[in-house]
1. Tally up the residues in the stretch 5-43 that are in a helix (DSSP H, G or I), β-branched (Val, Ile, Thr) and surrounded by fewer than 11 Cβ atoms within 10 Å (Cβ to Cβ), please.
2. Does the stretch 16-44 hold any residues that are closer than 22 Å to residue 54 by Cα and among the hydroxyl-bearing types (Ser, Thr, Tyr), and which are they?
3. Between residues in the stretch 33-57 that are closer than 17 Å to residue 23 by Cβ and residues that are in a helix (DSSP H, G or I) and hydroxyl-bearing (Ser, Thr, Tyr), which pairs lie under 6 Å by C-beta distance while being six or more apart or on different chains?
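The values are calculated or read from the model by the stated rules, or taken from the named source; none is laboratory data. All figures in this text were calculated on a predicted structure; none of them were measured in a lab. Because the Cβ atoms are built from the backbone with ideal geometry, glycine has one as well, and the counts that use them run over all protein chains shown.
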Amino acid sequence: MYFTDRGIEELDKRRGEEEVTLSWLAEQLRTFTDLNPEFETAVDRLATWLARLADDED
């Protein structure tokens, strides 16, 4: 298990039943990056990966 899995597990446990829009997620990622600019590259890579998921299936 990676260290980051703990955060993922907590997210799933606390909020796994909720439904959100991708616009909401994008806004949360912007806010997180504004508060934590040292994670800008990682957030950008995650957002790009999520945006292109469906492209991989084609």
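1. So the count comes out to 2.
2. Hits for the stretch 16-44 are 21, 23, 41.
3. So the pair list comes out as 43/33.
Residue-wise test of (1) modelled with pLDDT of 95 or more; (2) under 11 Å from the mean Cα position of the chain (by Cα).
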site	(1), (2)
11	no, yes
18	yes, no
30	yes, yes
37	yes, no
40	yes, no
48	yes, yes
53	no, no
